[in-house]
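Below is one structure, written out as structure tokens, with a few remarks after it.
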Amino acid sequence: MNRVFLTGRITKDPEIRYSSTGVAVLSFSLAVDRQTRDASGTRQADFFNCTAFRNQAEFISRYVKKGYMLAVEGRLQTRTYQAQDGSNRYVTDIICDQVENLTPRQNNNELVGNGTFNQPMPNNNYQAPTYQAPSYNNNEDDISLNVDDDDLPF
């Protein structure tokens, strides 16, 4: 099984390009924090090269900016190319199957970070109903239980 799930921040503004057949292709780098810290107490990060195609590539290019938090689901793919010196080089990419923007929006549809949505989002005026917690009287004199000794299991 070849599945990868990552949550991290995009390292630079994405740029979309199109193949000769017109397919949208977007490559980006995702910085994912490690769980542990180094000796000085700072958190380390790993950087993963990701590639998205078609509608996902266009979505990311429109709505995602540097620093946005993304959740990426995909698969690992290794490719080989020959460098100018004649040596073989290997590159491992994450081919994105699903990408979700995790950067929260503020009330004015502006995203937290350094970018905004290109299209206004509908204003959701939903208000959660209020709930009144029941009040309990903790006076032991008000509790009356009528239990016979025959009703007890011990």
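The values are calculated or read from the model by the stated rules, or taken from the named source; none is laboratory data. These numbers come from a predicted model, not from an experiment. Backbone-built Cβ (ideal geometry, glycine too); neighbour counts: all protein chains shown. To get the accessible areas, we keep the full protein, side chains included, count just its heavy atoms, and leave off ligands, DNA and RNA. Shrake-Rupley method; radii C 1.70, N 1.55, O 1.52, S 1.80 Å.
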### Task
Tell me the label-point distance for the pair Thr92, Tyr18, using the 7 Å Cα-to-Cβ offset, in nm and rounded to one decimal.
3.4
### Query
If you take the Cα Rg of region 62-109 and divide it by 2.2 N^0.38 Å, with N the number of residues, what do you get?
1.76
### Message
Using 5 Å bins from zero, what percent of all Cα-Cα pairs in region 1-44 falls into each bin?
### Response
5, 16, 14, 17, 16, 14, 7, 5, 3, 2
### Task
Starting from the residue with the highest accessible area, list Val4, Val64 in decreasing order, probe 1.4 Å.
Val4, Val64
### Task
Could you run the Karplus curve 6.51 cos²θ - 1.76 cosθ + 1.60 with θ = phi - 60° over region 17-29 and give me ³J(HN,Hα) per residue in whole Hz, x for Gly and Pro?
9, 10, 6, 5, 8, x, 7, 6, 10, 9, 10, 8, 10
### Message
If you average 1/r across every pair of different Cα atoms in region 29-80 and take the reciprocal, what Kirkwood value do you get, in Å?
### Response
13.3
### Relative contact order for region 26-85, counting Cα pairs under 8 Å that sit 6 or more residues apart, in percent
29
### Task
Summarise the accessible area of region 12-81 (1.4 Å probe, protein heavy atoms) by the percent that is carbon and sulfur.
48
#### Entry: Relative contact order of region 50-95, pairs being alpha-carbon contacts under 8 Å that are 6 or more residues apart, as %
42
